[in-house]
1. Scanning for something within 16 Å of ligand 1 (Cβ to nearest atom) and touching a strand residue (DSSP E or B) at 6+ places or on another chain (Cβ under 9 Å), does region 261-274 turn up at least one residue?
2. For region 83-90, check the following and say yes or no: at least one residue is outside any loop (DSSP other than H, G, I, E, B), in contact with a strand residue (DSSP E or B) (Cβ under 7 Å, 6 or more places away or on another chain) and within 16 Å of ligand 2 (Cβ to nearest atom).
3. Would you be able to tell me the number of residues in region 525-546 that are more than 23 Å from residue 463 (Cα to Cα) and assigned to a strand (DSSP E or B)?
4. Please specify each residue of region 44-58 satisfying the condition of being part of a loop (DSSP other than H, G, I, E, B) and within 15 Å of ligand 1 (Cβ to nearest atom).
5. Just the residues that are without any contact (Cβ under 8 Å) to a residue 40 or more places away in the chain and surrounded by fewer than 18 Cβ atoms within 10 Å (Cβ to Cβ), please, taken from region 504-529.
6. Scanning for something within 19 Å of residue 66 (Cβ to Cβ) and in a helix (DSSP H, G or I), does region 157-179 turn up at least one residue?
7. Which condition from (1) within 16 Å of ligand 2 (Cβ to nearest atom); (2) surrounded by fewer than 23 Cβ atoms within 10 Å (Cβ to Cβ); (3) on the phi < 0 side of the Ramachandran plot is the one that residue 40 breaks?
8. Could you tell me how many of the residues in region 9-43 are in contact (Cβ under 8 Å) with a residue 60 or more places away in the chain, in a helix (DSSP H, G or I) and more than 16 Å from ligand 1 (Cβ to nearest atom)?
Ligand code: GLC
Ligand code: CA
């Protein structure tokens, strides 16, 4: 595989509204990020992805853009962004922006024109189709609940919005629109950013028959994913997009695409794929708080392991997934993977070891490094997110009582991951000196960055993890090494071997609260990482290993000695 500059990235995702406020308006901003660059450098990452900071009415917190060319004043100015890029560069950190081109805000001037004249130039920028009076063109359900169509006034015209009503989908069939988007993308790349995280891109192509589908819920609608995700023909647009933009800048692109059919993986993220990398969603729908896995966290973790390993084998030598456990759209990983009473230093510190040494690009989400969690709200009004409200309504419609619906929201709402970053035990967690736009988790008094600057903290362990991932003595093996599952039969160990040019590295994690002995015998040449203090020297020779509860152990082995 040809080596590329972005292969060794270790990322950190910033949700800017909740990261650091610098001007006392209760909202995080770009100067706030600049102020925290030192902390990020200490953490050991070399790339930051910033969720959208473009001009937006914030109906979906920035994923609804009303002017692609401007930074929203809430976040600062273009000058601030330039300064962020150059300050980050001095610390060896690349800045990646979010690119939202499946839809705009309904307040975008293009859409405002489209409303006035659906048949005109800008009407063709969006997907506007005829319904029949109050009956929309078809019964697709929006990804955020309710009909995916919104009527324009009392005309027969409806516009499509796969996300909120305030996010009309763009019409990618229109070449003029596509060219306009490419120009905009190149303007941002000119500023010196390292690339983009690309939002909702799997949805840009729709099945053009727009036919009705058999209802799959009490609302009479159909979730129709196959009609608007990875639809045949999308390849033409993806190739064109890449050739007209990303290729010209050798930038890094990370796409939000779930469920890529295996035979298309190479086209997507192979050597000349449409993107550098895609997120691997394969654990996102598992939660011990809700649904099928409720109360079965051990079995759930074993299941996730098997899926992740399968994906690793599929991608081996072909390309790079982006591996992560958290983002702004899912609840925090301690909550999702572990019951509250099982959360402690050892259980939390084994979590990053599950994914950081896999093949691919590891990403940390802000606050993950200090073990931030969600917290239950007492009323639905404490949430801000429209998607969360829509879900709540759906649960009521399904027959839940308001209490039951709120309980489910507390266990599932993505907003649990969007509470302000907990920097210190000062008022408002050091995020701001005024009341923030969204309440801070009350546990900030004990769970915060200041407190975790000490050796032996979770954050300190994350630093060891990133340091080992980027240690030049081992980096090539983590990045290019082969992947071989180990100990899968135990049901308790998440283990694998990575090897490259004679170097063999072994990762063994006991993801349960019970000790367990490995089935295979290993030769420990050198311990590289351990979330328990090792007092005794590694055993001589080849032996099975007794792993303590939650123990995460990474060591260099002697390949020839492995069974
Ligand atoms: C992506 C974003 C999510 C947003 C949606 C619509 O899934 O991650 O936060 O709401 O796209 O843009
Ligand atoms: Ca601010």
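1. no
2. Just the residues of region 83-90 that are outside any loop (DSSP other than H, G, I, E, B), to begin with: 83-90.
Of the ones still in play, those that are also in contact with a strand residue (DSSP E or B) (Cβ under 7 Å, 6 or more places away or on another chain) are 84-85, 88.
With within 16 Å of ligand 2 (Cβ to nearest atom) added as a condition, the list becomes 84.
Yes, there is a match, as at least one residue in region 83-90 is outside any loop (DSSP other than H, G, I, E, B), in contact with a strand residue (DSSP E or B) (Cβ under 7 Å, 6 or more places away or on another chain) and within 16 Å of ligand 2 (Cβ to nearest atom).
3. 3
4. Hits for region 44-58 are 51, 52, 53, 56, 57, 58.
5. 514, 515, 517, 519, 525, 526, 527
6. Yes, region 157-179 has at least one match.
7. Looking at each condition in turn, residue 40 falls short on (1).
8. 3
The values are calculated or read from the model by the stated rules, or taken from the named source; none is laboratory data. Here the structure is a predicted model, which is why all the values come from computation and not from measurement. Here the Cβ is made from the backbone with ideal geometry for all residues, glycine too, and neighbour counts use every protein chain on show.
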